[in-house]
1. On a full-extension model of 0.36 nm per residue, what is the gain between Arg50 and Asn251, subtracting their alpha-carbon distance, rounded to one decimal in nm?
2. Using 0.36 nm times the number of residues separating Arg40 and Ser143, minus their current alpha carbon distance, what extension gain do you get?
3. At a temperature of 4 °C and a viscosity of 1.567 mPa s, determine how fast region 15-258 diffuses translationally according to Stokes-Einstein, using the Kirkwood radius over alpha-carbon pairs as Rh; express D in µm²/s, rounded to the nearest whole number.
4. Taking amide hydrogens as modeled 1.01 Å from N in the peptide plane, which residues meet the under 5 Å criterion relative to Leu66, leaving out close sequence neighbours?
5. For the chain, with a Gaussian network of springs between Cα atoms less than 10 Å apart, report the residue from Val190, Val225, Val241 with the top mean-square fluctuation.
6. Under the Kirkwood approximation applied to all pairs of distinct alpha-carbon atoms, what is the hydrodynamic radius of region 170-225 in Å?
7. Looking at region 196-266, what % of the alpha carbon pairs are farther apart than 17 Å?
8. Once both axes come from the Cα atoms, what is the angle between helix 28-38 and the longest principal axis of the chain, in degrees from 0 to 90, rounded to 10?
Amino acid sequence: MKHDPRPASHASPAPAGLRVFLTGASSGLGQAFARHYAGRGANIGLVARRGEALAAFAAELPGEHLPLPADVGDADALARAAEAYLARFGVPDIVIANAGVSVGTLTECSEDLPAFERVMRTNVNGMVASFQPFVEAMRRRGSGRLVGIASVAGIRGLPGAGAYSASKAAAIAYLESLRVELRGSGVRVVTLAPGYIATPMTAVNTYPMPFMLQADEAARRMAKVIEAGRGYAVVPWQMGVVARVLRALPNPVFDALFARAGRKPRGLPL
């Protein structure tokens, strides 16, 4: 299918209610977000690497949506996906940079270096590339939500998860920078730091995961934060309390408590 090559401001978007561009849409929290917004009449651009799974999922949703197979680690592919969405539906009201990968890593192991690179490329660079095609158009329009999915793992570095914790800490700092850059433009930047959510990403964990939410419930709660345009929120709130306590712990106490904490299995993220 050929898309209108004209700039988005001159394209002829289909009549729509809420317009949402969502990465990581083929599983876990991404699917939950898609179900939530599709149930409210949104037109969603569904971005994920697995094209067949994405198309099958899109066919299950009510309403009109656009499956956009792309790896968020490939900025050019993501730009093409954004162009296709703009041509079909126009400038989105909400962009959710949800795609992310997680895997256990150890700095001492040279074989983990590709995993570090992949996690950072997906979780940080992929977030930037998800927003970039839309920022100028949203600023011109004077409205929109740019939503980044970070994690409580970005608040303190967790043993055996150096890549993931670093990527989420970087995402939190990046989103804060972007929020200040767009202050007064009408475009809201929303940082969401989830705790544990029941998804394929957490299914491999063998350690306790307190206050775990089902993905659909997590998406529902996060959608309320997005609608309100809050700059930062931990979901569920109980994990926010835990995060603040951990942040306040002196390093020797934190180190002693977490030195023997459970760790995610190592290997390349899928």
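Since every read-out is calculated from the coordinates, none of them should be taken as a lab result. It should be emphasised that the depicted structure is a prediction, and the values quoted were computed from it without experimental measurement. No Cβ is skipped: glycine too gets one built from the backbone with ideal geometry, and neighbour counts run over all protein chains shown.
1. Values: separation 201, 0.36 × 201 = 72.36 nm, distance 4.15 nm.
Extra length from Arg50 to Asn251 when fully extended: 68.2 nm.
2. Additional length available on full extension: 35.1 nm.
3. 71 µm²/s
4. For Leu66, whose amide H was placed from the backbone, the distant partners under 5 Å are Ile44, Gly45, Leu46.
5. Looking only at Val190, Val225, Val241, the biggest GNM fluctuation is shown by Val241.
6. Working: mean 1/r = 0.0748 Å⁻¹.
After inverting the pairwise mean of 1/r, the radius is 13.4 Å.
7. 58 percent
8. Tilt relative to the chain: about 30 degrees.
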